[in-house]
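The values are calculated or read from the model by the stated rules, or taken from the named source; none is laboratory data. In this text, all values refer to a predicted model and were calculated from it rather than measured experimentally. For neighbour counting, all protein chains shown are included, and Cβ atoms are generated from backbone atoms with ideal geometry for every residue, glycine included. Side chains included, ligands, DNA and RNA excluded: accessible areas come from the protein's heavy atoms. Shrake-Rupley method; radii C 1.70, N 1.55, O 1.52, S 1.80 Å.
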Amino acid sequence: MDVALKIWRYDPDSGDRELRDYELEAPEWACLLDVLDLIKDQQDGTLAYRKSCRMMICGSCGMRMDGRAVLACKERMLPIVERGHVPVISAMGNMPIVKDLVVDMDPFWNKIRRMKPWLEPGYDEVLERERIVSQQEMNVIQKEALCIMCGCCVSECNSMESDPEFFGPAALAKGFRFVGDTRDQASVERLEDYNDEHGIWDCTRCYFCNERCPKGVDPRDAIAKLGAESVKEGIDRDMGAKHAKWFVKSAETTGWLRETELVPKTQGIVSAVKQTKFAIGLARRGKVPPPVPPHVAADVGEARALHQLVREQGREGALGIVQGERALARIEHTDAGGARRDAPEVTPREEPPKAEG
Amino acid sequence: MLIVGAGCAGMRAAIEAFDAGADVALLSKIHPVRSHSGAAEGGINAALGNASEDDPEKHAFDTVKGSDYLGDQDAIQVLCDEAPGDVYQLEHWGAVFSRTEDGRIAQRPFGAAGEPRTAYAADITGHVLVHVLYEQVMKRDIPTYEEYFAWQLVINDDRCQGVIAWDLLNGGLKTIGAKTVILATGGAGRLYVGTTNAYACTGDGMTMALRAGVPLKDMEMMQFHPTTLAPTGILITEGTRGEGAYLLNSEGERFLKRYAPNAMELASRDVISRAEQTEIDEGRGVDGNVLLDMRHLGAEKIIERLHGTRELAMTYAGVDPIQEPIPVRPGAHYHMGGVDTDLDGRTELEGLYAAGECACVSVHGANRLGGNALMETITYGKKAGRHAADWALTHTTIEVPEAVEADAERDLKVLLDRTDGERPWSIRNELAETMHENFGVFRREDQMREQGEIVSGLRERYERVVVDDKGDVFNNDLTQALELGFLLELAQCMVVCGLARKESRGAHARPYDYPDRDDENYLKHTLVRWVAEAPVLDWKPVTMTKWKPMERTY
Amino acid sequence: MKVAYYKGCLASLSAKELDTSTQALAPMLGLELDELESVTCCGAGDIHEAEPDYYLHLNARILAYGAATGAETLMTICNVCTLNLRQANFQLLNDSELRARVNTNLATVGVPPYEDDIEVKHLLWLIVEDDGAERLRQVAHKGLKGLKIAPFYGCQILRPSKLLGFEDPDRPWSLEAIIDACGGEAIDYPAKIKCCGFPIIQAREDVAMGELIQPIEQASEAGADAMVTPCPLCHLSLDAWQSKLKATTGRDFKMPILHLSQLVGVAAGLEESELKFKRHVVPVDPMLEKLEV
C-alpha cells in the first residue's frame, strides 16, 4: 500500500524544527513503526526514534500521531491509508525533545523513583517459601502491574502541562502498585508522601491518560484508588481531599451538593475570606446559592442509610473501585461498550511540538 | 565491575554483586526495562511443588532429556536445585505472580515437563520479572550507563579490563574500565526473518567475546518456537498450550498425535516445530501456518490468564482467539548456544563472565524447555554476579591502554567517514532471509554450504557499508550498522558448527542427510573460535553425572 | 419520547439557567421529561475518589429510580453525571454478582431494586442521534445567523471512550453538527477537547488557570462570538472563573459562554425568562446584539 505521512524533525545541533513529508510503499500488515523503519533504512538514516520489541511490551516507541500519544508498534497503517489520511508524527509531549521523535525520559524516571517503587516488606527475617497471598489480593494491583513505562499517559497529561512538577499518571499508578500490594508495609508512609503538593490531588481528571494508555492500565483510576486509600487512612490535609469529603457529606445530608459551603470546607475559612470579592461577583448572578434553607432532595434518608450500610461492608478504599474492574474488563468484547459512530473527516491539526525545557 | 546488558540476567547479577559489596554498574544500549527479557510470557520453572508433587531431580531429568542429552548435567543439577530458592527470592522482592487457591505461586504445565512447574504471572511473566528486578536496582541506586552501545571488550595483560562503548545520547566512544565484566546481552534472533526477538537482539556480547578470542559453544543450536505469528514472528506463548490449546492442520486434525502421541501439544519445542514444518511442507498448512485453537478454553479463562496473548492476536493477526484459531508457524526464538562458561559464569578469559541467553553453560544443550530460560537468567545471573564481585573485590588493578581506545576510534572513523557504499538494510534483510531459508528448522548439507558462501559474500559487502547519520546525538543509524557486523560473524560461526555436527540432535535437524542422533560420535559440544577473520572449530565433551542418553520420545 | 430526567446538582443550584432552558426546550425536541426527585448528587469524581463503594450505590439508586419510571433512557445534562452514571451502569450490567449485592443494599434502605435496564444518555446525544441534526433545523427556526460559535466539549463526555462511546474522542462532531443545524458557524481549535480545570479549581487554582486559559484564548483568537459547552462544571470554569484569567494574563476576554440548551434555545426562539442569561457572570449581551442585527 502507498503510505504518506509527515514527521516533525528536530535537529539538536541547529535547534531547527521542520515538518517533512514522506511517501513510500509498505506491506499491508505494517504498523507505524515498520513505516518509520522503511523511511530510516531507505530514505533518511538520520531519522531518530526508539524501538525494540515491536510487540507492545518494551515501551520504547511512544510518540504522537496527530497530536496524541501512541505506541508506534501498535498503530496499524492500513485503516489510516484506507481513509486517505496523512498522519502527522511528532515526539511525545511534556518531555524535552532530544532529537526528532526521541524525548528525554529523565524527568519521567525521576518521578518514578520519587515514588520509592520497591517493595517494603517491613521485616528482615528471611522467609523460607513464598508469602501467602490470594489471587484476589493480587488482582487489586493487576492493572497497575501492566504498565510498560512507555510515557504515553504522561505525554498527554493536562495537569502536567500546566504544572510540570506534578508526579503524573505513570508515577502515581506505580505508587498504587505498592499501596495496593498487601505485602507492602509502607502504605501509609507512601500515601502521606503522595498527598504532597504535586501529588494525587493535582490530577485534573481529564482521563487523557486512561484514553492513551496502550496497555489498559487506567492510571486515572489508580490515582482515584490512591485518593480512596488516603481518605480511608484519614489522610485528608490536602484541599483536594477535603473537597472530596464534602461531596460525601452533602450527599448524605441534603442529597444535592452544598455548593456554597464547599468553598470554606475545602479551602478553610481564611482562604475563603480572601475569595470574598470574587464570591460577591458570583453571588450577584445568583451563582452562590444560600446555604440556608438547605436544598434537600426527596427521601434523602435513604442516602444516609445507604452510607451507613456500605461503610459496614468492608469495600472501603481502593476495593470500592477494584470491585468494578471485572465488569469493565468485559466491555472490550461485548457489543454494549465502546461503540464508535464514525466521524466525518476532520482536517488534522499540524501542531508543532512545544519547545523543550 | 561492569555488566553489559540489563535484562533479567544482567540486573540479577548487578543486584547480587551490589549486595556482595562490589562497586558495580550496569551498561545497556536500551533502558533496562526495555530489555527483551520483558517479552517472555509463559513462565519460569522451579520445582516448588505447588501444583503437584515435584522435586529438583525430576526437573533436572526433564531438562537433560529436553536438551537431547547435550546439556551438561552438573550445570543442570545446580540450576534445578537452586531454582526454588531463587523464585522465592523474586516473590519476596514483590514479583506479582499468579496464585493458587491456597495463595501460593501458581504453576502451569509446560512443554516437555513431567510436572506442572512453570511459575507464571498471567502471560506476562517476563514483564513482571524485569520490573521487579528494576525496582530492586532502583532501590540500591545501582549506577546505569543507559543507552550506551557496547562495542568492544578491553583486553590487556590477558585479562578483560573493561568495555568500549558508543554513548548514544551524546555521541562519542567512551571507555569504561572494570575489573570484571559480565556479558548479559541476550540472543541473536535477528539473524532470522520471522523471529520472536526484538530489534535489539543482535548477539552483541557473543560477538564481542568471540572477537576477544573467547570460544562460543553449540552455536548451531537455535530454537524455533512453534507458535509465532507470520510474518513478523511475534511470540504467542507456550502458556496457551499449557492452558489446553490445540494445534490443528488444514484438515482440522490435532496432528501432533502422529509425532508426539503422549505429550501432544506439550511436547518439546523442537519436536513440535519440526512437526509443524512437516505439516506445512506436505501441504497441510493454512497459508504457510498451522492453527492454534483456544476457543474451547472459554472467554473467562482467556481474559484472565491469556489477556496479553489475546491483545497480540487481535492487533497483529487480526483474530480474536475467543472466536477464531490463531495462525502460527515456527520462528527463531532462543539461542541455546553462546559464550562458553563454567558453572560460575566464568569464560576462558580472566575477568570476563557471561550469563543468560548469551552464555552457554550449558543447561539447555540442544533444546531448551520453556520456562528454563528465565530460570537460567536468574540463577546463573546471580552466580556470575557473585563470582565476578568476589573476584573484583579481591583484585586491585585496572589498566586500560590508550592504544586500545585509539584503535577503536580509528576503526569507527573509517565507518563514519565512508560516503558511498551499501546501506545496511539490504545486507541485513538478505542475511535474515537466507538464514531462514538455509539454516532453519530443517537443515541440509548443500544448503548449509551455500549459506556459508552467502554469509562470506555478505561480510565482504559489509566492508563497504555506509552510515547516513554522521551526527553525535542519538545516532542509532551507526549502532544498527555495528549490530549488523555482530550478526554476520555469528552467522558464519553457526554455519560452520552446523556443518560439522553430522547428526540430528535437538534443534539441529538434518532429516535428509543425518536423520538420527549419533551419541557415539557426537555426544559433544561444538566449540568455535575466531582466528584470522574466520571460525575455527573444536569440540568439548558433555559432562554427564547421572543420566545416560536414551531414546527421546514424547 | 419519555425520558427520566436527572438534572444533577448544578442545574438545581448555581446553574438554574441550565434547568430552565432544558425544560423549555425539551417539548420542542419531542422529549417528555420525567424529573427524578429521590436522587442525590452523582458524586462527581469526588465521591468516586473518596468513597467509591458509596459512589456506586448512589448512582445505582439514581439508575433504579430512573428505571422505575418505565423510561428506557435516563437523560443527563452534565458531562460528569453522564460519565459517573454510565460507569456505574456498566459495572452493574456486566457483573451480576455486583448487581445482586448492590440491589440487596438498595432494598435494605427502601429503594426499588435496579432490575429493568436503563440507558444513560446526555441531551447532546439525544439531539444529534439518528439524523437529529436535520430535525433540529426545523426546531431552530430563528437561527444563529452565522454567528461564530466555538464548541467546548471538555473531558468527561468523550473520555474514557470505552464508557462513553458516542463519538470518536479525538474527532468529535456532535456540537459542530448542532451549531451548524442552528445556523451558526462552528470554530475549530485544538483545546476544544482538553480540560477546563474545574475539578481542581479550588484545590489547585493556578494549575487550573493554566488549563482554562487554553480554550478561552484559542476560541478568542479564532474570532468566536461565543462558546458552548454541554457541561455545567465546564460552564462554571469558563464563565464564572473567566475573570480570574485577567490576573494571570492581563486580558479581559469577555467571551460569552452558553449551555448547550441555551444555544439551541436561542436558535429556537426561547425567551429570556427561560434562558436566564442574566445569571451568567460574563455578559451574553454582545452576542445577543449581533443576533438582532
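With everything on Cα atoms, drop me the angle between helix B:56-66 and the longest principal axis of chain B, reported from 0 to 90° to the nearest 10. Tilt relative to chain B: about 90 degrees. Ligands, DNA and RNA aside, B:His387 has an accessible area near 50 Å² when probed at 1.4 Å.
Computed from phi, the 3J(HN,Hα) profile of the stretch B:416-431 under the Karplus parametrisation 6.51, -1.76, 1.60 (θ = phi - 60°) reads 5, 6, 4, 10, 9, x, 9, 6, x, 4, 5, 5, 4, 5, 5, 4 Hz, with x in place of Gly and Pro. Taking the accessible area of the protein assembly as shown, probe 1.4 Å, and keeping the other protein chains in place, the carbon and sulfur fraction comes to 49%.
Between B:Trp547 and B:Thr100, the modelled label-to-label distance comes to 2.3 nm, taking each label 7 Å out from Cα in the direction of the beta carbon. Of the residues making up the stretch A:233-247, those losing 30 Å² or more of accessible area when the isolated chain is joined by the remaining protein chains, with a 1.4 Å probe, are A:Met239, A:His243, A:Ala244, A:Phe247. Heavy atoms of chains A and C lose about 8000 Å² of accessible surface on contact, summed over both sides with a 1.4 Å probe.
Most simply put, the protein assembly as shown has about 60% antiparallel DSSP beta bridges, counting only bridges with both residues inside it. Please report the spacing between the Cα centers of the stretch C:130-161 and the stretch C:57-91 in Å, no decimals. Each part reduced to its Cα centre gives a spacing of 23 Å.
Solvent-accessible area per residue in chain B equals 31 Å², computed with a 1.4 angstrom probe and all protein chains kept. Shielding of peptide C:147-157 by partners, expressed as the average count of other chain Cβ atoms within 10 Å per residue Cβ, is 1. Calculate how steeply helix C:79-93 sits against the longest principal axis of the alpha-carbon atoms of chain C, using the helix alpha-carbon long axis, and give the answer as 0 to 90 degrees to the nearest 10. Relative to chain C, helix C:79-93 is tipped by roughly 20 degrees.
Relative contact order, whole percent, for the stretch A:245-331 stands at 37, derived from Cα pairs under 8 Å and 6 or more residues apart. Axis angle, to the nearest 10 degrees, between helix A:300-311 and the longest C-alpha principal axis of chain A: 70 degrees.
Counting alpha carbon pairs within less than 8 Å and at least 6 residues apart, what relative contact order, in whole percent, applies to chain C? Relative contact order comes out at 20 percent. With 20 Å² as the minimum drop in accessible area between chain alone and full protein complex (1.4 Å probe), the qualifying residues in the stretch A:158-199 are A:Asn158, A:Glu161, A:Ser162, A:Lys174, A:Arg177, A:Arg183. In the protein assembly as shown, a dipole from Cβ-located charges (positive for Lys and Arg, negative for Asp and Glu) runs towards its positive end, and of B:Val181, B:Ala20, B:Ile76 it is B:Ala20 whose Cα lies farthest in that direction. Our summary gives chain B a relative contact order of 22 percent, counting only alpha carbon pairs under 8 angstrom and 6 or more residues apart. Quick one: longest stretch of chain B between exposed loop GluC sites (Glu not before Pro), exposed meaning at most 16 other C-beta atoms within 10 Å and loop per DSSP? No qualifying site falls inside B:102-250, the longest such stretch. For the residue pairs C:Lys16/C:Lys162; A:Lys40/B:Lys139; C:Lys142/C:Lys278, alpha carbon separations beyond 26 Å are given by C:Lys16/C:Lys162; A:Lys40/B:Lys139. For chain B, the antiparallel share of DSSP beta bridges with both residues in that region comes to about 70%.
Take each residue in A:259-267, count the other chain C-beta atoms within 10 Å of its C-beta, and the mean is 2. Using a probe of 1.4 angstrom and keeping all protein chains present, the accessible surface of the stretch C:133-285 works out to 30 square angstrom per residue. Taken residue by residue and averaged, Cβ atoms of other chains lying within 10 Å of the Cβ of A:111-121 number 4.
Each label point was placed 7 Å from the Cα along the Cα-to-Cβ direction; for B:Asp23 and B:Glu433 their separation is 5.2 nm. Computed with every protein chain present, the accessible area of C:Lys2 is close to 80 Å² [probe 1.4 Å].
Compute the Cα gyration tensor for the stretch A:49-151, then decide on rounded, prolate or oblate, letting a ≥ b ≥ c be the square roots of its eigenvalues: rounded whenever a/c is under 1.5, prolate when a/b is larger than b/c in the other cases, and oblate in all that remain. Prolate shape, in that a/c is at least 1.5 and a/b is the bigger ratio. Couplings 3J(HN,Hα) for the stretch B:37-51, derived from phi with the Karplus relation 6.51 cos²θ - 1.76 cosθ + 1.60 (θ = phi - 60°), are 3, x, 7, 4, 10, x, x, 10, 8, 7, 7, 7, x, 7, 9 Hz, where x marks Gly and Pro.
Taking one quarter of the surface of the convex hull spanned by the alpha-carbon atoms of chain A gives a direction-averaged projected area of 24.7 nm². What shape does the stretch C:133-285 have by the C-alpha gyration tensor, where a ≥ b ≥ c are the square roots of the eigenvalues, rounded means a/c under 1.5, and otherwise prolate means a/b greater than b/c and oblate the rest? Note, shape of the stretch C:133-285 comes out oblate. Heavy-atom accessible area for B:Tyr512, with the other protein chains in place and a 1.4 Å probe, reaches approximately 150 Å². So what's the back-of-envelope 222 nm ellipticity for chain B, counting only DSSP H runs of four-plus at -39500 (n - 2.57) apiece and dividing by all residues, rounded to 500? The helix contribution divided over chain B gives -11500 deg cm²/dmol.
With the cut-off at under 18 Å, measuring from each backbone N in the stretch A:42-67 to a point 7 Å along the Cα-to-Cβ line of A:Glu18 picks out A:42-49. Ligands, DNA and RNA are left out, and with a 1.4 angstrom probe the accessible area of the stretch C:2-123 is 26 Å² per residue.
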